[in-house]
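*Asks:* Supplied in structure tokens, the structure appears directly below.
The values are calculated or read from the model by the stated rules, or taken from the named source; none is laboratory data. Please read all numbers here as calculations on a predicted model, not as lab measurements. Don't worry about glycine lacking a Cβ; one is built from the backbone with ideal geometry, like all the others, and counts go over all protein chains shown. Note: accessible area is taken over every heavy atom of the protein model, side chains too, but ligands, DNA and RNA are not part of it. Shrake-Rupley method; radii C 1.70, N 1.55, O 1.52, S 1.80 Å.
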Amino acid sequence: MNKLILAVLLSLACAIPLYAQTAVSARAREIQASVLVIDTHADAPQRFLDDNYDIGSTDPKDLAHISLDKAKAGNLGAEFFSIWVEPDTNQGHFAHKALDLIDSVYEQAARHPDRMMMAFSPDDIERAHREHKFAALLGMEGGHPIENDVRLLRDFYRLGVRYMTLTWSNTNEWADSSGDINNPQVEHHNGLTEGGKQIVLEMNRLGMMVDISHVSDKTFYDAIAVTKAPIIASHSSARALTNHLRDMTDDMLRAVAKNGGVVQVNFNNRVIDENYRLADIALAKDRAAAVKAYTDQLKAAGKTVTFIDSDRILREWNAKIPRPPLKSLIDHIDHVAKVAGIDHVGLGSDFDGVSGATPAGIDSAADLPKITQALLDRGYNADDLHKLLGGNLLRVFREAERVSREMQARK
Ligand SMILES: [Zn+2]
């Protein structure tokens, strides 16, 4: 009889889907469940808008990193959805596109009021958590959608945008980007222009967090010198481990610590694994040609090319490079925690923005507890994890609000 029960149990264990068969211990699950996990970068709005994706999707074949079920399985409490406007295909209507993306997030929240809510403050994030709802926040990736108009910056704040990455991969009229800093055809400014510095100060006054992911090194140092509030890197990793210009040097990590800010470590294979980065560079030319051939074909047929269209091709190409182990990501988190300090590190996944290029085992938000487990294995304790998984970001967000109140009171 006992043998029979054992046999039944064994066969049941084998039937558990792969994603549930993780090496996550009861202690890691317990810690994960006791904290408010906040991720600061997901590109899901492109899917909401272009693919008509529903965050309530329960389709097991669905490739999206973020769904309400996946967030619940990984105990992800709050997500900053990226308002990212592709600068080439949206020439002449950056702000319009940003407004469409913002709308797409609100529409998801409206569709699932029992499980999801828009959040605009640290208090909102905590309230959502108490009400067992997924908190959706907005972060704008790149300064170009404000179209050089501080009034638009304020309008975006009023709509709920709570951080702005000063640049994406494109240098704009007031800030240099790491993405094109070595391109002599692009007109650069040696960091932030005077106008760019005024934009940073206006963000401080509004209470919009200043995000330095993607900016050039000089823009970083200019921003950190001028800001009155702690800054964030919404999705950046460590250059000492992976030699990518998108990543932050140890000196930059220490500067963020001194400023009281937080570096939210990016999961993108390209910026967390040197072997992957080199293999990726080797493929880049052919991959770009394949994307161009495909999108040209769509254009010739009179169709609008969307993010999802190129994502489809990019996934096929990314799949040619072996995924790095989870260890690569954990090494980056550990490095930032050691160099900047445990009070200055967090998670900025870049979910749904990397066309499948995440480390082995990290296939969606449901896999976040694996990171908690790996950090426990490296000696991080519950207090450390509480800070890293969301506490640090909440502290910086609160400080941005405090600085804003102070600046507004001064007039
Ligand atoms: Zn990005």
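*Asks:* Can you work out the Karplus-derived ³J(HN,Hα) for every residue in the stretch 29-40? Use 6.51 cos²θ - 1.76 cosθ + 1.60 with θ = phi - 60°, whole Hz, and x for glycine or proline.
*Replies:* Couplings: 4, 5, 5, 4, 6, 8, 10, 9, 8, 10, 10, 9 Hz.
*Asks:* Right, another one. To the nearest 20 Debye, how big is the dipole of the chain about its Cα centre, given +1 on the beta carbon of each Lys and Arg and -1 on that of each Asp and Glu?
*Replies:* Values: 47 positive and 57 negative charges, 166 e Å.
Here the chain has a charge dipole of around 800 debye.
*Asks:* Continuing with this model, one more query. On the principal axes of its Cα set, how long, how wide and how thick is the stretch 145-243? Give whole Å, largest value first.
*Replies:* Principal-axis extents of the stretch 145-243 (Cα, largest first): 37, 29, 22 Å.
*Asks:* Could you check how much of the accessible area of the chain is carbon and sulfur, as a whole percent, using a 1.4 Å probe? Please list the in-between numbers first.
*Replies:* Working: 9530 of 17740 Å².
That share works out to 54 percent.
*Asks:* I'd like the orientation of helix 326-339 relative to the chain: the angle between its Cα long axis and the longest Cα principal axis, in ° from 0 to 90, rounded to 10.
*Replies:* Tilt of helix 326-339: around 50 degrees.
*Asks:* If each DSSP helix of 4+ residues adds -39,500 (n - 2.57) and the sum is divided by the residues in the chain, what number results at 222 nm, nearest 500 deg cm²/dmol?
*Replies:* On the way: 17 runs with 197 residues, N = 411.
Value at 222 nm, helices only, nearest 500: -14500 deg cm²/dmol.
*Asks:* Straight-line reach from Lys197: which lysines have a Cα under 21 Å away, not including same-chain ones fewer than 8 places off?
*Replies:* Within the straight-line limit of under 21 Å, Lys197 reaches these lysines: Lys218, Lys228, Lys258, Lys411.
*Asks:* Also: Enter the angle in degrees (range 0 to 90, nearest 10) between the Cα long axis of helix 150-159 and the first principal axis of the Cα atoms of the chain, meaning the one along which they spread out most.
*Replies:* Roughly 30 degrees between the two axes.
*Asks:* Another question about this same structure. Hey, can you rank 46-52, 366-372, 231-237 by average C-beta count inside 10 Å, highest first? Mind showing how you got there, number by number?
*Replies:* Values: 46-52: 19.0, 366-372: 23.3, 231-237: 30.9.
My ranking of the peptides, most packed first, is 231-237, 366-372, 46-52.
*Asks:* Largest first, please: the extent of the C-alpha atoms of the stretch 198-305 along each principal axis, to the nearest Å.
*Replies:* 50, 35, 21
*Asks:* Of all beta bridges DSSP finds with both residues in the chain, what is the antiparallel percent, to the nearest 5? Numbers along the way, then the final one.
*Replies:* Numbers: 2 of 32 bridges.
Taking every DSSP beta bridge with both residues in the chain, the antiparallel ones total about 5 percent.
*Asks:* For the chain, with every protein chain kept in place, what is the accessible area per residue (1.4 Å probe, Å²)? Present the calculation step by step, with values, prior to reporting the outcome.
*Replies:* Values: 17740 Å² over 411 residues.
It amounts to 43 Å² per residue over the chain.
*Asks:* Given contacts defined as C-alpha pairs under 8 Å and at least six residues apart, what's the relative contact order of the chain, whole-number percent? Don't jump to the answer; show the numbers that get you there.
*Replies:* Working: 765 pairs, mean separation 80.3, N = 411.
Value for the chain: 20 percent.
*Asks:* Dividing the alpha-carbon Rg of the chain by 2.2 N^0.38 Å yields what? Please list the in-between numbers first.
*Replies:* On the way: Rg = 21.0 Å, N = 411, 2.2 N^0.38 = 21.7 Å.
Compared with the compact-globule rule of thumb, the chain sits at 0.97.
*Asks:* Taking Cα pairs under 8 Å and at least six residues apart, what relative contact order does the stretch 290-411 come out at, in percent? Present the calculation step by step, with values, prior to reporting the outcome.
*Replies:* Numbers: 75 pairs, mean separation 30.6, N = 122.
It comes to 25 percent, rounded to a whole number.
*Asks:* Could you work out how far helix 250-259 tilts from the main Cα principal axis of the chain, as a 0 to 90 degree angle to the nearest 10?
*Replies:* 80
*Asks:* Can you pull the one-decimal nm distance between simple spin-label points at Arg27 and Glu406, each 7 Å off the Cα toward Cβ?
*Replies:* Once both label points are built, they end up 4.0 nm from each other.
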